[in-house]
Amino acid sequence: MKAVLIEDDAVLNRTLKRVIEKHYNVMAFTSPVPAVEYIAQSGADVVVSDIRMPDMSGFDVLERLKTLSPDTAVILMTGQGSIDESVRAIKSGAFDYIPKPVETELLIYKLDVVNEKLALKALADTAAGKSGVVAVSAKMEAILNTASRVAKTGSNVLITGETGTGKEVLARYIHENSERSRRPFAAINCCNLQQHLFESELFGHKKGAFTGADSDRKGIIQSAYGGSLFLDEIGEMPLDLQPKFLRFLETKSFYPVGCPVQEQADVRIIAATNRDLSVLSDKGGFRQDLFYRLNVINIELPPLRERREDILPLAHHFMEKFKHINTQVKGIHQSALLCLQSYDYPGNIRELSNIIERAMILEQGDTLGCESLNLGCPVEADTLSLDSVMKRHILKVLDIAGGNRQKAAEILGVDASTVYRKLKEYGIG
């Protein structure tokens with residue numbers, strides 16, 4: 001979530017910025033004019049603004065943002081005990097208000113509420129068909145923009161990334177945003193087929209072509225005619241079949257097994273792998289010319305640990321998916337959110353789906369808790385201070401980044417100076 005802080009008191013500004021940046025990306029301004037200009041150009045999910053400021057009041061900021069950025073939530077900081085200001089803030093369209101002097105835990109709680117509403121909006125947009133992918137992170141937004149552009153072409157696409165990162169979901173997104181969307185989307189996992197049946201599955205066969213071929217059968221290429229064919233784990237395709245598949249890619253024609261007559265196909269190829277095909281081809285495990293033919297457009301999906309902003313929207317998505325298992329569950333406890341957000345997900349989105357499904361089965365209350373998530377948190381998250389949770393998370397991300405503090409800062413979505421400062425506080429030079 002992208003936050004903007006507007007507070008003209010420089011000391012309070014620095015204090016609140018340090019608090020907010022522990023949890024969310026934040027840009028801080030001591031003057032409302034440049035802040036509004038920044039929001040107009042770069043956008044913001046939430047704005048925390050003082051009311052009494054020179055040049056523009058907080059109410060003026062709120063009024064400007066209704067036109068410039070109507071989806072931005074505004075939290076106004078009101079004078080202590082000023083009921084009139086609080087009422088006016090809500091009536092004017094503010095998302096919420098917070099009294100001064102600001103209690104930082106209350107501020108973070110209200111920001112968490114905004115973040116959860118953003119997650120639920122992303123889920124609603126998905127359910128309404130606006131997107132086939134549940135994501136709010138900047139990384140995934142850039143990937144979806146690329147995928148949308150690629151979808152309009154007929155080029156082959158190679159999607160790479162760790163197991164469980166959602167490669168087939170992205171392939172379907174490309175298909176659904178293409179001119180082929182009204183035609184079939186067919187998928188085949190190259191790991192799941194016996195080598196001697198692979199060619200038949202792809203190209204089909206004629207009756208009597210081999211033992212057990214009791215009738216003519218179309219292959220998956222013909223079944224997807226006019227649409228898209230998704231080949232998952234393409235790196236597992238048998239070497240002896242690769243020349244035939246390469247020829248198919250070049251000519252859009254093929255011979256069914258046991259048939260002397262060549263057939264034509266109209267299908268777009270989207271392939272995916274969790275292996276490095278360039279390294280595999282160098283070692284002779286994959287044809288280099290086939291790799292080049294498939295790799296016209298390459299889209300690399302990041303692991304879930306590098307797009308942590310998407311964990312909450314995905315968790316809500318899977319809760320909705322599995323709500324038939326346990327209809328009494330309505331939300332996720334704050335302590336469980338901390339567990340979810342600090343876990344590394346070696347199995348990525350697929351693992352998160354399994355975690356939520358299991359939790360929906362085990363949970364006996366109306367909110368998912370740490371016990372039902374069973375993530376092995378050494379200490380219940382609700383017994384930890386925010387500083388303790390932040391320290392654990394920063395050190396875990398630093399470990400993922402191989403000790404590279406700049407990379408850790410990028411993963412965390414903060415300035416590198418923040419990481420250096422926090423590590424210094426923890427006594428890590």
> Out of all the residues in the stretch 232-247, is one or more within 30 Å of H23 (Cβ to Cβ), among the small types (G, A, S), surrounded by 15 or more Cβ atoms within 10 Å (Cβ to Cβ) and out of contact with any Pro (no Cβ under 7 Å at 6 or more places or on another chain)?
Replying inline: no
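Results for (1) buried (at least 16 other Cβ atoms within 10 Å of the Cβ); (2) part of a loop (DSSP other than H, G, I, E, B); (3) at pLDDT 80 or above, shown as yes or no for each residue.
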residue: D71; (1), (2), (3): no, yes, yes
residue: E85; (1), (2), (3): yes, no, no
residue: L107; (1), (2), (3): yes, no, yes
residue: D125; (1), (2), (3): no, no, no
residue: V134; (1), (2), (3): yes, yes, yes
>> T78 - would you say it is open to solvent by 30 Å² or more (accessible area, probe 1.4 Å) and polar (S, T, N, Q)?
In response: no
>> Please verify whether K167 is open to solvent by 20 Å² or more (accessible area, probe 1.4 Å) and basic (K, R), treating the condition exactly as stated.
In response: no
> Just checking, how many residues over the stretch 281-330 are in a helix (DSSP H, G or I) and open to solvent by 80 Å² or more (accessible area, probe 1.4 Å)?
Replying inline: 6
>> Tally up the residues in the stretch 170-195 that are surrounded by 17 or more Cβ atoms within 10 Å (Cβ to Cβ), modelled with pLDDT of 90 or more and part of a loop (DSSP other than H, G, I, E, B), please.
In response: 4
> Before we move on, is S49 open to solvent by 20 Å² or more (accessible area, probe 1.4 Å) and among the hydroxyl-bearing types (S, T, Y)?
Replying inline: no
>> Which pairs turn up if I take residues in the stretch 214-233 that are of a type in the set (S, T, Y) and look for partners that are modelled with pLDDT under 90 and part of a loop (DSSP other than H, G, I, E, B) with beta carbon separation below 6 Å, at least 6 apart in sequence or on another chain?
In response: S215/K207
> Just checking, which of I98, I90 is within 35 Å of the chain's Cα centre (by Cα) and either among the hydroxyl-bearing types (S, T, Y) or in a strand (DSSP E or B) (or both)?
Replying inline: I98
> Taking helices (runs of 4 or more DSSP H) that do not extend beyond the stretch 339-429, which have at least 1 residues that are at pLDDT below 75 and in contact with a Leu (Cβ under 6 Å, 6 or more places away or on another chain)?
Replying inline: 386-400
> What number of residues in the stretch 211-226 are farther than 18 Å from L294 by Cβ and either modelled with pLDDT of 85 or more or surrounded by 13 or more Cβ atoms within 10 Å (Cβ to Cβ) (or both)?
Replying inline: 9
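Residue-by-condition table, conditions (1) open to solvent by 30 Å² or more (accessible area, probe 1.4 Å); (2) within 21 Å of K91 (Cα to Cα); (3) part of a strand (DSSP E or B):
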| position | (1), (2), (3) |
| --- | --- |
| V4 | no, no, yes |
| D8 | yes, no, no |
| N13 | no, no, no |
| H23 | yes, no, no |
| V33 | yes, no, no |
| E37 | yes, no, no |
| A40 | yes, no, no |
| M56 | no, yes, no |
| D60 | yes, yes, no |
> Which is assigned to a helix (DSSP H, G or I), charged (D, E, K, R) and either modelled with pLDDT under 90 or within 27 Å of D415 (Cα to Cα) (or both), of R18, R52?
Replying inline: R18
> What are the residues in the stretch 248-280 that are within 32 Å of the chain's Cα centre (by Cα), open to solvent by 10 Å² or more (accessible area, probe 1.4 Å) and hydroxyl-bearing (S, T, Y), if any?
Replying inline: S278
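The values are calculated or read from the model by the stated rules, or taken from the named source; none is laboratory data. The structure displayed is predicted, hence computed values, not measured ones. Backbone-built Cβ (ideal geometry, glycine too); neighbour counts: all protein chains shown. Areas reflect the complete protein model, heavy atoms only, side chains present, ligands, DNA and RNA absent. Shrake-Rupley method; radii C 1.70, N 1.55, O 1.52, S 1.80 Å.
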